[in-house]
Structure formats: C-alpha cells, structure tokens
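The values are calculated or read from the model by the stated rules, or taken from the named source; none is laboratory data. Since the structure is predicted, the reported quantities are computational estimates derived from the model, not experimental observations. Cβ sites come from the backbone with ideal geometry, for glycine too, and all protein chains shown count toward neighbours.
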Amino acid sequence: MEMESGVLTEQRREIEEAKTLNSDLDLAFNLQMQEAMTASLSILNHHPSTVSPSSSSTPKKEAEAEDFDCCSTSFLEDIERLDQERKDREESENLMREMREDLDRLMHDQKVASEIMNIPDEEWEEYGDDYEDPFENGERVSFFKVYSKGVESEERIRDMKVIVGGIGVAICDSKDNLIFEVSKGIDVGAEGSSSNKSCAGVSVELEALIEGLNTAFALDLKNLTFFVDHSMLYQYVTGAVQPQNSKISTLVNQVSLLQKKFADCKPSLVACSDVKFAFRFAKDAIVSQITWPAENSKGKRKLKETCVICYEDTDVDQIFSVDGCFHRYCFPCMKQHVEVKLLQGTTAKCPHEGCKSEVSIETCGEFLDPKLVDIMSQRKKEASIAVTEKVYCPYPRCSALMSKSEVLEYTNSSFVGGEKSGARKCVKCHYFFCINCRVPWHYNMTCYDYKRSKPYPRREDKMLDSLAKRKLWRQCVMCKNMVELAEGCYHITCRCGYEFCYTCGAKWKNKKPTCSCPIWDERNIIRDGRRR
C-alpha cells in the first residue's frame, strides 16, 4: 500500500514538472516570437512585399501546446481518482479492523460475564477480589450463528403503491447472544411486481444470505452455521434442487463460493419464528424507506407514514406494529379492528390478508382502554387453560382465574405441605383457600370436618342450585361445570371430555350408557316443525 502511494506521488510530481517545463518553453517561445514579429514589422515597414515565413508555424505550435495541456490534465485527474480510491480502501480496511476489535472485545466480555455468573456467591465473596481474567490471552470464540432474512412488501407512500425490499442479518455467538447486526434496504426492481412471486421471494432471501456471509467473512469469522426459514432456499444451497431461474442460479453460486472461504460453513433450516432478530432488522429497513419528514401545525418536523387501511398520513409514533409479522397500521384502525374482534368473542389477529400473527395484548394498551386490555388478557388466559385445570379464587372480590399447576407452584414458594393439605394461595389477592372444597381456607380442620360443620351450602350455592333445578341443568361430576341441553340426545360430552347421561348423570363408557334412561326425546330434536 505504501509503495503504491509512493508511485502515485512520484508520477504526480513528474507530470507537474513536465507541465511547468512546458509552460516555461511556451513563455520562451512566445518571447522569441514577439522579437521576431517586431523585427518583421520593422522590415515590412521598409519592404512591404516581404512576408515572414515563421508566422505560419505559430498556430501549429499553439495547438500542440493545448493538446499537451489537455493530456496532462486528464492524466492528473486519473491519478487523483486512483489516489482517492486508495484512501477510501484504507479507510474501509481501518473501519473493518475496528469492527473486528470491537467484536473480539464484546465476545471476551460476554465470556467473562458468563464465567463470573457461574461462580457461587460464597466463593465470589471470599475470592472475588483475586479473580483473574481466564480469557485475557485466549482465542476468539470459534463457533458463530448467522441468521438472515430478506423481505419484500407492497407499501403505500401517500397516493402511490410501492414495492420495497429489506434485508436483515443477525450474527450471534454459540449461545445466541447478538454480536452484530445489518439492516439495509434493497432495490427489488421489476421482480417485485412480476407474476412469479416465489422466484422474487427466493431472490431477496438469497441476497440477504449473501450479505450475511460477506459480513461474517469481513469480521474474520472462521466457523459458522447460517440459518434460513425458506425451504426452497435451503434445498438450493444444499444442492438438493437445482434452480431453473438464471438469476437465482447465479446467486446460489455466489453462496457456494462464499462458503468455501470459511473453515466450516453449513446451512440449517429453522422455523420462521427462529430467525431471531433478522426479520425485525429487515422490516426496519423497509420502514426506513416508506417514511418521510414533514412539518406539523407547530412547525416541528416529524416522520410520517401512510396507513394501508385508511390511506391517511400518520406520525410514525402513532403507528402500531404487529408482533411476529411487523405489519403496521395506525392506532385508530387497529383500535376499531381489535374492538370488533373483542365483541365477536375472538382474539384479534393481524388485519393483513392471509396473516395469522396474533395481536399482542400487552402492546394494545397504546390505543385501547385499559379495561378492554384486561378483558382480552382474561379471555386469552381462559382459552389457554384446560377446563379440568381451571381454578377460580373463591373470594367474591377477587375471583381470579388460575391453573391448578400455577397456583400449586405459587403456594409451594411460601407454604409447606400445601399439596397434601389442599391449601392454595391465590396469585392475585394472596389469600389462602381450599382446592377441594373451593372455599376460603379452613384452618385446623380437614375437608371432612369442614363439611360436617357446614352442612348447609352457602347462599350463592343455594341460588345456583335453585336456578339449575328450575332450568333443568346438569352438573358435570368431573369439572363441576353446569351443562344445559339445548337440543339433541341425552348423551352429553362436557367440554372437559367427560361423558354422561343428561337425565340421571350416569357415566358413559366406550360410547355406551351405563344407565337405562332413554337416549333421546323427540321434543329435543324437532325445532320449528323440522327434524334436525
């Protein structure tokens, strides 16, 4: 590099000297010409018919001088350009060297922190002051993980539909700690609007993978595994399938050449949810391309983004991003969407057509009333707990929903013998209750003694029993839930899975009754004059 710089400097100096020498020659030549012209004019004054032969050579000499100046100037510009390229290359190499040093330092700190965390507290208190860095002169961690993701999306910027692409790369250590990231937009070109969407998607994914491998090579990583969540891409890079598209084939060949630059570089196919941070980095790259600065009524500049539902230009801080897919919509549109789903008794999913990502309840607090957020949380929890596992706190002012395993684990953290005695501690109000009797905890009494001392049911239970008798409801002996027969036969399958006779409550075994009650009544299977 130093030799190259010296050659360029020497060439520049020689050109400058040549140019200066040429200028001196031109000056001398012009002086001589002036003297000759003066002498010629004096002769012409005495002999007008005489013509100086040297006057015809002046334009030729001047043209040669101009050509020399143009060539020397062009050559100097080329040298300046080469010199600038050399400086840019040196700056890039210095930057990469600093990045590798930062990477080594980060990995070293993570290793030291992990080592310290594994030291028992007693040992650290006694010998912590004498702790020596075991990795001070150690080698770099040898194994790395590269996650890459390429995304293309049809977005709206004001009144225009645009197709933008973004790639994200996450480089992690062997424990999946993020150590380096890349987020950049790419030009998807005509492929984004082509009919062959699958080829366009694979092409973007390959560009992201190539970016990830190039970054890993620039960071001087030796051994790595790169993870992809696209099955066709995985088959291409493993050689199981040969691509028919020429551009995809070229990109696959680039991946193959890059793999050979590492000591060990192998692919791995994972689920979409396992592509770590790469997907988020790719979506961030897309968002950066569809936002623009604009002044509001107070003269302050804020980033704007167009909601693809209402087509309104909205401040970026009023845009909601759905977890998992990162589709983005304005707060008013999301509020209306979630509230409608809530009224329908279902959990809200991403409004994007065909997207199955669920809307995170925790993030809905940005645009929903807190009471609605609580209702959504309760419904999601009810749906996640099996019927036979559900437990409600018996205290009327609490009535918190819990699972049997959850409340047992919480109780064991502060109460010894809860599993045998039946005592449970509510995770919300923190009061104890009996899991068997479903009443507040009866201290110093067994469940049998409590039932003997309380032979009559509580007022609430009396009201429920009275209502059940009046409505002809039947209680499931397994989960204690009430069941109402709307229509059909008397064979009941409770939501907990228990099967019994609706008439007498006897259990069904192997899809057959254990009682002699009639299986159905005609009145239960005829509605509006039609048989069901």
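So the values come out like this:
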item: Residue match in the range 268-280 (condition: at pLDDT 90 or above and either farther than 30 Å from K356 by Cα or out of contact with any Phe, Trp or Tyr (no Cβ under 8 Å at 6 or more places or on another chain) (or both)); result: no
item: Flag for C272 being assigned by TED's automatic domain parsing to the domain that holds K175, closer than 23 Å to F227 by Cβ and surrounded by fewer than 16 Cβ atoms within 10 Å (Cβ to Cβ); result: yes
item: Considering residues of the range 269-286 that are of a type in the set (G, A, S) and part of a helix (DSSP H, G or I) only, the residue nearest to I319 (Cα to Cα); result: A285
item: Residues of the range 490-519 classified as loosely packed, with under 14 Cβ neighbours inside 10 Å, closer than 14 Å to M478 by Cα and of a type in the set (V, I, T), total; result: 1
item: Of residues in the range 223-239 being among the hydrophobic types (A, V, I, L, M, F, W, C) and under 13 Å from S256 (Cα atoms), the one surrounded by the most Cβ atoms within 10 Å (Cβ to Cβ); result: L233
item: Qualifying position, being without any contact (Cβ under 8 Å) to a residue 24 or more places away in the chain, in contact with a strand residue (DSSP E or B) (Cβ under 9 Å, 6 or more places away or on another chain) and under 25 Å from K283 (Cα atoms), among K184, K161; result: K161
item: Of the criteria (1) within 24 Å of C437 (Cα to Cα); (2) loosely packed, with under 14 Cβ neighbours inside 10 Å; (3) hydrophobic (A, V, I, L, M, F, W, C), which one W473 fails; result: (2)
item: Tally, over the range 245-297, of residues that are over 26 Å from E154 (Cβ atoms) and small (G, A, S); result: 5
item: Index of the failed condition, H337 passing every other in (1) assigned to a helix (DSSP H, G or I); (2) touching a residue at least 40 places away in the same chain (Cβ under 8 Å); result: (2)
